[in-house]
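So the structure is just underneath, and the comments pick up after that.
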Amino acid sequence: MPLLEMSGVRKLYGQGAVEVAALRGVDLTVEKGEFTTVFGPSGSGKTTLLNMIGCLDVPTEGKIFFRGKELEVLSPNELAKIRRLNIGFIFQSYNLIPVLTAFENVQFALRLAAGKGGKEVDEKVFKILDAVGLRGLENRKPGELSGGQKQRVAVARALVKDPGLVLADEPTANLDSKTGRAVLEVMLKMNRELHTTFIFSTHDPAIMEYAKRTIEIKDGMITGDEKR
């Protein structure tokens with residue numbers, strides 16, 4: 001069974017004369033363990049596609065299945081549970097909680113998924129923060145971190161709960177090349193050892209180089225799909 005199936009997915013925003021088609025009949029199948037990049041020009045539908053896959057939005061037409069479950073028939077609480085337990089998100093805007101430290105932002109995500117706290121949770125948080133190069137910055141709040149450091153907190157938060165699927169919108173956009181590659185190596189290790197599925201929206205040549213599959217999208221339609 002594929003991890004994800006999309007069939008005839010269309011997404012329209014607005015009404016009447018101002019109606020905009022963000023997705024125009026997307027068909028897509030993603031298997032467990034893929035390391036996939038979605039690329040295309042600004043406004044092509046990349047972010048909308050990730051939002052659909054991540055249960056953050058619903059299609060105007062078409063069907064989406066995640067691990068065999070049809071998403072559009074699920075309740076908001078059921079969709080929230082899928083996101084909490086199965087999907088890690090890395091947003092361009094970070095979406096960190098400003099009153100929490102770097103450690104607490106990552107810890108909060110793991111506690112939501114695991115339903116518990118304790119020494120084991122804290123050790124896992126320290127380990128992932130170290131892996132993304134944030135040792136010594138655990139007690140800083142987002143306002144005390146640079147853009148690149150906040151991006152690394154967002155990456156750690158997405159990875160700490162060992163999700164089956166990670167959706168990343170320009171995950172290396174605010175990182176220098178050395179740090180970006182270090183973060184990518186962490187993701188590749190999860191992909192190899194845990195068979196975590198990664199789907200990136202990016203323009204970063206480094207991610208394109210690492211990707212095992214590249215999907216091109218233009219004007220809301222998939223125009224290219226290449227596996228390596």
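Screening the candidates SER93, SER75 for the property of being more than 24 Å from ALA154 (Cβ to Cβ) and out of contact with any strand residue (DSSP E or B) (no Cβ under 7 Å at 6 or more places or on another chain) yields one hit, SER75.
Within the range 204-228, residues that are under 24 Å from GLY180 (Cα atoms) and at pLDDT below 85 have Cβ atoms under 8 Å from residues that are assigned to a helix (DSSP H, G or I) and not small (Gly, Ala, Ser) in these pairs: ALA206/ARG181; ALA206/LEU184, counting only partners at least 6 apart in sequence or on another chain. Just to be sure, is VAL121 hydrophobic (A, V, I, L, M, F, W, C), in a loop (DSSP other than H, G, I, E, B) and more than 27 Å from LYS46 (Cβ to Cβ)? So VAL121 does not fit the description; no.
Selection of the range 31-88 for residues being among the hydroxyl-bearing types (Ser, Thr, Tyr), modelled with pLDDT of 90 or more and more than 15 Å from the chain's Cα centre (by Cα) yields SER44, THR60, SER75.
In this structure, is ALA154 within 14 Å of MET187 (Cβ to Cβ) and touching a Leu at 6+ places or on another chain (Cβ under 7 Å)? When the stated conditions are applied, ALA154 passes them.
Within the range 152-177, the set of residues being touching a residue at least 60 places away in the same chain (Cβ under 8 Å) and either assigned to a helix (DSSP H, G or I) or basic (Lys, Arg) (or both) comprises ALA154, VAL155, ARG157, ALA158, LEU159, LYS161.
Among the residues of the range 200-211, at least one is farther than 22 Å from ALA114 by Cβ and in a strand (DSSP E or B). Within the range 10-29, at least one residue is under 20 Å from the mean Cα position of the chain (by Cα), at pLDDT 95 or above and surrounded by fewer than 17 Cβ atoms within 10 Å (Cβ to Cβ).
The values are calculated or read from the model by the stated rules, or taken from the named source; none is laboratory data. What you see is a predicted model, and the numbers here were worked out from it, not measured in a lab. Heads up, the Cβs are rebuilt from the backbone with ideal geometry, glycines too, and the neighbour counts pull from every protein chain shown.
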